[in-house]
Amino acid sequence: MQRLIPRRLAFLAVMPALLLLWSCQQDVPTAGDAGFDSGRAAVDALDRDTADARKARVSNLDYEVLIDLVSSEEEFSGDVTLRFNLADASTDLTIDFTGGSVIEMLVNDAQVVANYNGYFITIPADQLQSGPNSVRITYSHPYTGDGTGLHRFVDPEDGQTYLYTYLWPYYANRLLPSFDQPNLKAMFAMKVLAPEDWTVVSMSPGSSEPANNGSNLWTFGTTPKISTYAFSLHAGPYAVWEDNSSDIPLRLFARQSLAEYVAVDEWFELTQGGMQFYGRYFDIPYPFEKYDQLIVPEFNIGGMENAAAVTYTEGYVQRQESDRAQRESRAGTILHELAHMWFGDLVTHEWWNGMWLNESFATQMAALAKIEATEFDDTWHGFFTEGKKRAFQRDSRVTTHPIEQVVGATDEFYMLFDGITYQKGASALKQLQHLVGAENYRLGVSAYLKENSFGTTELADFIGHQEKSANLYLGDWSDEWLLKPGFNTLTVEMACENESLQSLAIIQSAPEDHPYLRMHRVDVALYDIDNDGALVAGDIVPVQIEGARTEIAVSAGRACPVLVNPNHNDWTFAKIALRDEDAVVLREQLGDIEDPMSRSIFLAALLDKAMSGDMPIADYVRQALKLADTETNMRVLEQITSSLAEAVDMMKRLRPETDRALPQLLDDIEALGLRRSHFAQTQDLKHMWLNMFLNVVSSNAGVGTARAILDGRAEIDGIEVSPEIRWRLLTILSRHGASDIAELLEMELSRDSSDFGVRSALSVRAAVPDAAVKERWVRELQDPQSAIGLARQRAIMYELFPANQTNLQLKTLPIILGALPRMSAHADPYFMRSYTESLLTPMCRPESNAQLKSAVNDYAGQLNPTALRFLREAHQADVECLSIRAAQPSVVLTGEPTALQQIMQDLSDNLIEISDGLLNHDLELTAKGAMAIAEHPQIPPEQVQMVAKELGPEMPVFKQFDVRVHNLAVEINAAATAGDREAAVAGFHRLVDGCLACHDAYKDRVAAVLRND
Ligand SMILES: [Zn+2]
């Protein structure tokens, strides 16, 4: 991030009553000579040792704070008094305060010179006393632009200013000097001076009275004991809605220019439903006085559980009707944050090693609440297809970690903010709930929360309550599941004789680096073919998997199953390795499996097979397309559409090996997306298919269609082309080099000047396929003085290198990597994460592998933990991607495309033009495509000679095909030009059926010759 330089400010003139009157600084006692160095490193982080030592000495803590939001647009000012009991005054004490300025300071009513290093203030022991102490600090701090601390945003649409805090995990000390650690819970009493047309929100209810110069002074009631990170201060001319229909008053806030699009009723309904569910489940009523939710601009993450004043990203507001995926993700976050009011805010982890339990638990509870209180009652199915996918992905990285792990300092937090802490942990809790039983689990949770209300806990507290309610020893479970990294893979081993099952076992394995086996409580399903030829689960057997091999008792004479699912219902967190014979069965019969979740489990296993190089990605795509023909379940359809986009993305990165398969498949997928979005029965389906089209589109014809939709020349039945869709279309055109992109962009910005529009325009500019453009943006991102702000930097980063631009990415790679050490020293972890994740996506080449490897080796000692983590992961992903090139069944040609390859690519593009023209009754387009084929350039003579040598006597046949293709193209062109569509269609069929297949067959052999050259 761009760290703003603190500037001093003489504020407080508007609050004379609070002015601290000083004599002169020279008279103030100074630091003294002895014992002043606290031994704490001057960095923007809090280490656990310091935190533990403070916790051991400090108790009965409260904060009284006054904050001025009126005096400056650059920075805010504050006056805080910390009152606490100190167990011993024998050593110095530090107070966290990053990036601000201390104006004046009193320790136990004596004026002192603050010893402040930009990260924390040190109070020497001789100024402290055993027993009660008070420290009063007058300070200022810049507003931030990166979404941390107190973030300030000016709406480009109407010029209004909005503020909000984001204090997790260690940003509360950017709002006020504090002991910024979760286990020093405190009571906060706050006053805020704000412009009179603003609403100010914090944890407690507040009221305002007029103060000087058009400002209001807000006073908030003293909070119960909470952690610093859960405190908050939000302010601005927010639009506000209220719902007082239950005991707890609810409010919802959003920017004025966004207000008309907020799904207010849905938001309140979900919140009410969630509150009732949690109140019953925990057997504890909602623990605070009121519940405010604010939708805020430029928010870094989905939602933040500030106690009774939750914040959300504006990504949950759409300017068209939200589709199902958007509604579900919004509901999930609303219910997740609400669960934190009990689990997280009321009861809080001692330190950040416990963050996973907080997050995983809220994720699990949100799923249960969704089943109870929303339309998404098959939410565990969605958790499998999306949540677990993320968890496995993260757990397979070289940087993986145990679910619960040691956290030495707060800057390691970003190593944990991931799919293990959220989704893998939630998977483990789901397995635990299955193991101890749902009601025992609930009772254990409830007792744990009741015992520790307003306090802090360790893992043992949670496990202890589960053991007690289930009367079960969980020490080994906890050790295997929570303290060991990596995941297990389950394989089926089965022996049959004369079609009857002799033996059945589940083989459990673990990766070499993390060779830990676990106990898994699962259901194993045995599939048979019924009389109608359908695949049905004939037996579902509960099994406790332990060790490397678990034998399953089979009844004598049972028919040999055609397929076995070792994790039916997805109770455990383990991958399934399909045997080759399973893949054969699934190729024909995946769609015949009755249970939708099981179809998903097998489809995911097939994708794993393809992405690990065990089968061509094109085969997966064909399988998914086949399933799409018959699939009706929404979850499976979502999985199909998102996995097709993922597969196409990877195939683009794997060119030229995928050049043979990609054009045809892309054409099929694009056509499917358009057709289905046009004809689907519901808006949810329409948007899902349109999304898939927009995610994959990259053929000439597809990009042409995107252009036509943007221009209004083409329509999709029932789809309103919202500003969001328009911006996506524009980005697609930019990515593919539209020559008039600058004018289109100008026009679009005049239609949509919102914050969303401004960010999208940056994406469009970043997507332009030009090396100079890429370099310019990368250098801008690297500039520590850049004032763009993280939200806009992200809009650039996400679109800088789409999958079809890996050549440009490779060219820019030295610049991207070269600045890492320098950036790592000053940039915020959130920025470093986006930078390394977005700019180092796989290029899958030996050159990219080599450069990433050197960077890992050379820079390791110079990078902060976040930058190093994502660099190592980028290297691993690039190596894996390169390794699956060989698995793509096509000719391997390196370097520039040969003339022949180019001709084949053109041929494929031209064919699409012909067929598109015929389908859309655009005979001009058909004529154009046919003409291009008829006129296609010849293979250079030296290549013809090599080909002739290889083909020998078959060479004349090959040439003959070439001639036939030419003749038919001339024929189609003539028919289309004459307006005779029927004749053109007939010609097209003859071209495709009669010639191209043969042409293709020769192409492989010809290309092989050229490769060996
Ligand atoms: Zn959370």
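For the reader, a short list of remarks on this structure follows.
- Residue ID - nearest to the chain's Cα centre (by Cα), chosen from residues in the range 592-608 that are at pLDDT below 95 and surrounded by fewer than 22 Cβ atoms within 10 Å (Cβ to Cβ): Asp595
- Counted residues, the range 365-374 - those being more than 16 Å from the ligand (Cβ to nearest atom) and in contact (Cβ under 8 Å) with a residue 40 or more places away in the chain: 3
- Complete set of residues in the range 238-248 that are out of contact with any Ser or Thr (no Cβ under 7 Å at 6 or more places or on another chain) and open to solvent by 50 Å² or more (accessible area, probe 1.4 Å): Trp241, Glu242, Asn244, Ser245, Asp247
- Candidates Ile709, Ile669 - the one that is in contact with an Asp or Glu (Cβ under 8 Å, 6 or more places away or on another chain) and either without any contact (Cβ under 8 Å) to a residue 60 or more places away in the chain or surrounded by fewer than 16 Cβ atoms within 10 Å (Cβ to Cβ) (or both): Ile709
- Matching residues in the range 654-664 - criterion: being open to solvent by 20 Å² or more (accessible area, probe 1.4 Å) and at pLDDT 95 or above: none
- Long-range neighbours under 8 Å by Cβ, at least six apart or interchain, first residue on the phi < 0 side of the Ramachandran plot within the range 590-610, second aromatic (Phe, Trp, Tyr) and open to solvent by 20 Å² or more (accessible area, probe 1.4 Å): Met597/Trp380; Met597/Phe384; Ser600/Phe384; Ile601/Phe384; Ala604/Phe384
- The single condition among (1) open to solvent by 60 Å² or more (accessible area, probe 1.4 Å); (2) touching a residue at least 60 places away in the same chain (Cβ under 8 Å); (3) more than 27 Å from the chain's Cα centre (by Cα) that Ala742 does not satisfy is (2).
- Filtering the range 427-442 to residues that are surrounded by fewer than 21 Cβ atoms within 10 Å (Cβ to Cβ) and among the charged types (D, E, K, R) leaves Glu439, Arg442.
- Some residue of the range 322-332 being within 16 Å of the ligand (Cβ to nearest atom) and surrounded by fewer than 19 Cβ atoms within 10 Å (Cβ to Cβ): yes
- Members of the range 304-321 that are within 16 Å of the ligand (Cβ to nearest atom) and open to solvent by less than 20 Å² (accessible area, probe 1.4 Å): Met304, Glu305, Asn306, Ala307, Ala308, Ala309, Val310, Thr311, Tyr312
- Breaking point among (1) open to solvent by less than 40 Å² (accessible area, probe 1.4 Å); (2) out of contact with any Lys or Arg (no Cβ under 8 Å at 6 or more places or on another chain), for Leu674: (1)
- Residues of the range 858-867 classified as within 17 Å of Pro842 (Cα to Cα) and open to solvent by 40 Å² or more (accessible area, probe 1.4 Å), total: 0
- Whichever residue in the range 477-527 is polar (S, T, N, Q) and out of contact with any strand residue (DSSP E or B) (no Cβ under 9 Å at 6 or more places or on another chain) and, among such residues, is least open to solvent (accessible area, probe 1.4 Å): Ser478
- Candidate set: the range 285-303, residues that are away from the ligand (no atom under 16 Å from the Cβ) and open to solvent by 20 Å² or more (accessible area, probe 1.4 Å); chosen: the one nearest to Ser722 (Cα to Cα): Glu298
- Of the strands (runs of 3 or more DSSP E) lying entirely inside the range 64-147, those containing at least 2 residues that are open to solvent by less than 30 Å² (accessible area, probe 1.4 Å) and in contact (Cβ under 8 Å) with a residue 40 or more places away in the chain are 75-86, 93-96, 101-107, 120-123, 131-142.
- Residues being open to solvent by less than 20 Å² (accessible area, probe 1.4 Å) and touching a helix residue (DSSP H, G or I) at 6+ places or on another chain (Cβ under 9 Å) - total across the range 774-790: 6
- When the strands (runs of 3 or more DSSP E) confined to the range 214-281 are screened for residues that are farther than 30 Å from Phe413 by Cα, those reaching at least 3 such residues are found at 215-220, 239-243.
- Residue in the range 376-392 that is within 14 Å of the ligand (Cβ to nearest atom), farther than 30 Å from Arg40 by Cα and within 22 Å of the chain's Cα centre (by Cα) present: yes
- Scanning the range 453-474 for residues that are crowded, with 18+ Cβ neighbours inside 10 Å and under 26 Å from Phe231 (Cβ atoms) turns up Thr456, Thr457, Leu459, Asp461, Phe462.
- Restricting the range 401-433 to residues that are within 13 Å of Phe361 (Cα to Cα) and within 15 Å of the chain's Cα centre (by Cα), the residue that is nearest to the ligand (Cβ to nearest atom): Tyr422
- Among the residues of the range 200-237, those that are open to solvent by 20 Å² or more (accessible area, probe 1.4 Å), of a type outside the set (S, T, N, Q) and under 23 Å from Tyr286 (Cβ atoms) comprise Pro205, Gly206, Gly221, Pro224, Lys225.
- Within the range 193-209, the set of residues being under 36 Å from the mean Cα position of the chain (by Cα) and within 18 Å of Glu289 (Cβ to Cβ) comprises Thr199, Val200, Val201, Ser202, Met203, Ser204, Pro205, Gly206.
- From the list Gln664, Gln639, the lone residue that is of a type outside the set (Asp, Glu), under 24 Å from Asn700 (Cα atoms) and touching a residue at least 60 places away in the same chain (Cβ under 8 Å) is Gln664.
- Segments classed as strands (runs of 3 or more DSSP E), wholly inside the range 505-577, with at least 3 members that are at pLDDT 95 or above and hydrophobic (A, V, I, L, M, F, W, C): 520-529, 535-545
- Subset of the range 333-364 [within 10 Å of the ligand (Cβ to nearest atom) and hydrophobic (A, V, I, L, M, F, W, C)]: Ala339, Phe343, Met355, Phe361, Ala362
The values are calculated or read from the model by the stated rules, or taken from the named source; none is laboratory data. Since we're looking at a predicted model, the values are computed, not measured. Cβ atoms come from the backbone with ideal geometry, glycine included; neighbour counts cover every protein chain shown. The accessibility values were calculated without ligands, DNA or RNA, using every heavy atom of the protein model including side chains. Shrake-Rupley method; radii C 1.70, N 1.55, O 1.52, S 1.80 Å.
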